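Below is one structure, written out as structure tokens; comments come after it.
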Amino acid sequence: MDTLAHLMAGLTAALSLQNLAFALIGCILGTLIGVLPGLGPAAGTAILIPLTFKLDPTGALIMLSAIYYGAMYGGTVTSVLINVPGEAASVITCIDGHQMAKQGRGGTALGIAAIGSFVGGIVATIALVIVAPPLAQVALKFGPPEFFALMLVGLCLITGLGGRSLLAGLTMAILGLLIAMVGIDPVRGAPRFTLGIPSLYDGLGFIPVVMGLFGVAEILLAIQQPRRQVIKTDLASLLPSREEWRRSIGAIGRGTGIGFFLGLIPGVGAIIPTFVAYVFEKRLSKTPERFGHGAIEGVAAPESANNAYANAAMIPLLTLGIPSSPTIAVLMGAFIVNGLTPGPFLFQERPDLVWAVIASFFLGNILLLVLNLPFVGLWARILHLPYAYVCVCTLLFCVIGAYSLQQNAFDIGVMIVCGIIGYGMRKIDMPIAPLVLGLILGPFLEKSLRTSLEMSAGDFSIFFTRPLCLTLLVLAGIVLVASALRLQPRQLREGSTT
């Protein structure tokens, strides 16, 4: 009953003209980010965080959340029309979606993608409302040792599942933790790792770092990619035929379930649910040979899984304070910038904010459906914009955003340096996600570790004598071992081919 009352209060807040406008703006900007190949949800969200600096926390988080799930859908347009995914989760949609466009059924592909995304998003949000409060209540019983172990599990999941090499993932996670330590020691009050530079006493700003690693690096990568021709296809007929509806309904339901359950697991990433949903549909089909040649189920299932994952991935963030993907990590940074710490205490201390944000997910998914069915032709025309102009405008926005945080030119330099570093890391296939997660979780890990050791007078056995803490630490070890075993055969195969 309390949950329903909180949800209704949140819905009232989200339906205010101001917050409704923020959700609409976020959906439009998110879809635009997704439509432009190369940017993606993480980069887009990082770049657009400065837009929310002057907003109240509720409005800011509603807009940024809408940008996130808007971008998750927007990548479908490029996948279908030019066979280039706007973001990683749309890679699978290219397989059958582009084939449908070449057959003159591009409108139907985009239509079923919008409908599947809507169903996936709404169902996952309903499940979020049911699951989040009890999970937050359980998490309230955690002490500092349990929180340390829990965040270590999240870091290990992202590190182990986020790259082709476990060593590379661990290296990047440690680098992120080291960057998080730059500034004033919270206990001794003395500068550390500042190199005598006064601008570093407050640490490296989260916004300039992620805008560089994601935004600037993505721009540098995007300008290297050749532009592809937009397929001319029929966008007037968006609704599937009766036979296509029959094939799609089950695929949408199964994709939604797969996306939701995999979204609950930190570190899975957005591409895995879409891939699993696609493979599952192909295995289940009586005519698997149609897949890869324009099967509508090959669009409906992964797109439903995509948006169900996007909404489900908010559950670990809101209830446990663990970001499950790079984009969710950026969103967590936005919470922190607004003076909020995601986790169980958020439900207790700011129920008005957290329930308004959750309620906005329902409105956002409705807005996305309205934006993407009637106006799909408009999004398609955006693909004809000269990409050089888009890159220049995006870079200019990054510079303004980095400077506007503290009106400090030093932050612009940090962003540019991080952009070049991020570009180099992408070129040598080093994962960025563990670094960003280490940067965000670093202060919380340090605080939990130090508080735990103060509780035990410096005795590390406190982590092994508390059953839940020990269980989580064992789980973190299992994740790393399993990741090493999973990646070793691939590395051996790659080594044998060189």
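Worth pointing out:
- From the list V357, V299, V337, the one residue that fits, being at pLDDT 85 or above and within 20 Å of the chain's Cα centre (by Cα), is V357.
- Test: P316 is touching a Ser or Thr at 6+ places or on another chain (Cβ under 6 Å), part of a helix (DSSP H, G or I) and under 26 Å from R242 (Cα atoms): no
- For region 467-480, the criterion of being in a loop (DSSP other than H, G, I, E, B), out of contact with any Lys or Arg (no Cβ under 8 Å at 6 or more places or on another chain) and either within 23 Å of G203 (Cβ to Cβ) or of a type outside the set (V, I, T) (or both) is met by no residue.
- Given (1) β-branched (V, I, T); (2) open to solvent by 20 Å² or more (accessible area, probe 1.4 Å); (3) in a loop (DSSP other than H, G, I, E, B), index of the condition I179 fails: (3)
- Only residues that are open to solvent by 50 Å² or more (accessible area, probe 1.4 Å) and either among the basic types (K, R) or under 25 Å from the mean Cα position of the chain (by Cα) (or both) were counted in region 445-465, giving 2.
- Residue match in region 236-259 (condition: modelled with pLDDT under 75 and hydroxyl-bearing (S, T, Y)): yes
- Among (1) in contact with a helix residue (DSSP H, G or I) (Cβ under 7 Å, 6 or more places away or on another chain); (2) at pLDDT 85 or above; (3) open to solvent by 10 Å² or more (accessible area, probe 1.4 Å), the one test that L61 misses: (3)
- Complete set of residues in region 379-413 that are at pLDDT 70 or above, hydrophobic (A, V, I, L, M, F, W, C) and open to solvent by 50 Å² or more (accessible area, probe 1.4 Å): A388, V392, C393, L395, L396, F397, I400, A409, F410
- Matching helices (runs of 4 or more DSSP H) fully within region 1-70 where at least 2 residues are of a type in the set (A, V, I, L, M, F, W, C) and within 30 Å of Y423 (Cα to Cα): 17-35, 40-48
- Some residue of region 125-142 being within 30 Å of P431 (Cα to Cα), at pLDDT below 85 and in contact with a His (Cβ under 9 Å, 6 or more places away or on another chain): no
- Cβ separations smaller than 7 Å between residues 6+ apart or across chains give the following pairs from region 107-123 residues that are over 8 Å from N307 (Cα atoms) and of a type in the set (S, T, Y) to residues that are at pLDDT below 85 and crowded, with 24+ Cβ neighbours inside 10 Å: T108/M100.
- Filtered residues of region 396-430 (kept if under 15 Å from S199 (Cβ atoms) and among the hydrophobic types (A, V, I, L, M, F, W, C)): A402, L405, A409, F410, I412, V414, M415, I416, V417, C418
- Test: L331 is open to solvent by 10 Å² or more (accessible area, probe 1.4 Å), in contact (Cβ under 8 Å) with a residue 60 or more places away in the chain and out of contact with any His (no Cβ under 8 Å at 6 or more places or on another chain): no
- Of all the residues in region 261-287, those that are at pLDDT 80 or above and open to solvent by less than 50 Å² (accessible area, probe 1.4 Å) number 10.
- Within the set T341, T274, the sole residue that is under 22 Å from L157 (Cβ atoms), in a helix (DSSP H, G or I) and in contact with a Gly (Cβ under 8 Å, 6 or more places away or on another chain) turns out to be T274.
- Count - residues of region 191-226 that are without any contact (Cβ under 8 Å) to a residue 24 or more places away in the chain and closer than 25 Å to K427 by Cβ: 2
- Of all residues in region 99-125 being of a type in the set (G, A, S) and either outside any helix (DSSP H, G or I) or over 20 Å from L369 (Cβ atoms) (or both), the one that is most open to solvent (accessible area, probe 1.4 Å): G104
The values are calculated or read from the model by the stated rules, or taken from the named source; none is laboratory data. These figures come from a predicted structure and were not determined experimentally. So basically every Cβ, Gly included, is an ideal-geometry build from the backbone, and we count neighbours across all protein chains shown. These accessible areas exclude ligands, DNA and RNA; they are computed on the full protein's heavy atoms, side chains included. Shrake-Rupley method; radii C 1.70, N 1.55, O 1.52, S 1.80 Å.
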